[in-house]
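The values are calculated or read from the model by the stated rules, or taken from the named source; none is laboratory data. Computed from a predicted structure; not experimentally measured. Here the Cβ positions follow ideal geometry from the backbone for every residue, glycine too, while neighbour counts run over all protein chains shown.
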Amino acid sequence: MTLEGTNTYIYGSGPCAVIDPGPDDGGHLDAIRAAAAERDGIGLVLLTHSHGDHADGAGRLGVEVVLPGDGEEHAGLRAVATPGHAPDHVCLMTADGVCFSGDLVLGTGSTFVPPDGGSLAAYMDSLRRMQAEPIELIAPGHGPWITDPEAKLAEYVEHRMMRERRLLAALDTGERSRAALLAAVWDDVPVELLPMAAMAMEAHLEKLEAEARLPFDLVE
Ligand SMILES: [Zn+2]
């Protein structure tokens with residue numbers, strides 16, 4: 001079920017687990033309770049990460065809420081740590097290859113990775129980690145199911161690598177202005193999304209700096 005863009009999943013039965021109950025919205029929580037009632041109620045709420053649009057409704061369902069650590073199993077779902085979009089992010093894997101991906105990978109559009117000191121490097125590692133998992137289907141936190149997980153994960157890795165290559169190429173020409181770098185590398189981004197792109201660029205710059213690949217004389 002979807003409300004305000006966040007997907008909530010009901011997994012298993014007798015009782016079921018609720019994955020990412022979404023925002024604190026009465027109508028949405030009622031719909032979750034009704035769906036869960038057909039499966040002998042809710043045993044547990046599982047979160048992929050602590051962002052409000054996934055987690056704020058969790059406390060209202062009256063059961064234990066768990067944001068699992070790496071390798072933990074709850075209600076038949078195995079957590080795989082996938083930091084980047086959020087430091088506490090996990091994907092939840094079923095034994096038969098369904099991946100509840102939270103915001104690691106989205107059904108439409110691209111995942112936002114904020115600059116916070118190494119998050120993009122962590123995010124790239126997380127994508128590669130999931131590429132090694134036996135995934136048949138991705139059930140994302142936003143947008144439709146992804147039926148070609150291998151292609152989608154490769155596309156996400158390649159998209160970030162493309163930005164990095166173009167950023168390095170622009171730096172190689174001697175460009176040192178952030179505004180000019182943004183215009184050169186994120187030239188396909190609509191103007192209203194440029195503030196987001198500027199933050200995405202900061203995450204890229206942090207990664208390059210950590211890898212000692214960033215010139216020291218960047219300016220605004
Ligand atoms: Zn999120």
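Among the conditions (1) surrounded by 15 or more Cβ atoms within 10 Å (Cβ to Cβ); (2) among the hydrophobic types (A, V, I, L, M, F, W, C); (3) free of Cβ contacts under 8 Å to residues at least 12 places away in the same chain, Ile19 misses just one, which is (3).
Taking residues in region 91-106 that are at positive phi, and partners anywhere that are part of a strand (DSSP E or B) and within 14 Å of the ligand (Cβ to nearest atom), the pairs with Cβ atoms closer than 9 Å and at least 6 places apart or on different chains are Gly102/Ile19; Gly102/Val90; Gly102/Cys91; Gly102/Pro140. Here's a check for you: in region 98-113, which residue that is crowded, with 16+ Cβ neighbours inside 10 Å and not hydrophobic (A, V, I, L, M, F, W, C) is farthest from Ile19 (Cα to Cα)? Restricting to residues being crowded, with 16+ Cβ neighbours inside 10 Å and not hydrophobic (A, V, I, L, M, F, W, C), the top hit is Thr111. Taking the criterion of being surrounded by fewer than 21 Cβ atoms within 10 Å (Cβ to Cβ) and out of contact with any strand residue (DSSP E or B) (no Cβ under 6 Å at 6 or more places or on another chain), the residues of region 48-82 that qualify are Ser50, His51, Gly52, Asp56, Gly59, Arg60, Gly62, Leu67, Gly69, Gly71, Glu73, Gly76.
Can you pull out every residue in region 96-118 that is more than 12 Å from the ligand (Cβ to nearest atom) and either part of a helix (DSSP H, G or I) or of a type outside the set (Val, Ile, Thr) (or both)? Once the filter is applied, which keeps residues that are more than 12 Å from the ligand (Cβ to nearest atom) and either part of a helix (DSSP H, G or I) or of a type outside the set (Val, Ile, Thr) (or both), region 96-118 yields Asp96, Gly97, Cys99, Phe100, Gly107, Gly109, Ser110, Pro115, Asp116, Gly117, Gly118. Within region 48-70, being near the ligand (Cβ under 8 Å from one of its atoms) and assigned to a helix (DSSP H, G or I) holds for Asp53, His54.
Looking at Ala121, is it modelled with pLDDT of 95 or more, more than 10 Å from the ligand (Cβ to nearest atom) and either surrounded by fewer than 16 Cβ atoms within 10 Å (Cβ to Cβ) or within 12 Å of the chain's Cα centre (by Cα) (or both)?
Numbers: modelled with pLDDT of 95 or more: yes; more than 10 Å from the ligand (Cβ to nearest atom): yes; either surrounded by fewer than 16 Cβ atoms within 10 Å (Cβ to Cβ) or within 12 Å of the chain's Cα centre (by Cα) (or both): no.
Taking the combined requirement at face value, the residue does not satisfy it.
Checking each residue in region 37-47 for being surrounded by 16 or more Cβ atoms within 10 Å (Cβ to Cβ) and in a loop (DSSP other than H, G, I, E, B) picks out Arg39, Leu47. Number of residues in region 23-32 that are farther than 26 Å from Arg78 by Cβ, assigned to a helix (DSSP H, G or I) and either within 22 Å of the chain's Cα centre (by Cα) or in contact (Cβ under 8 Å) with a residue 12 or more places away in the chain (or both) equals 4.
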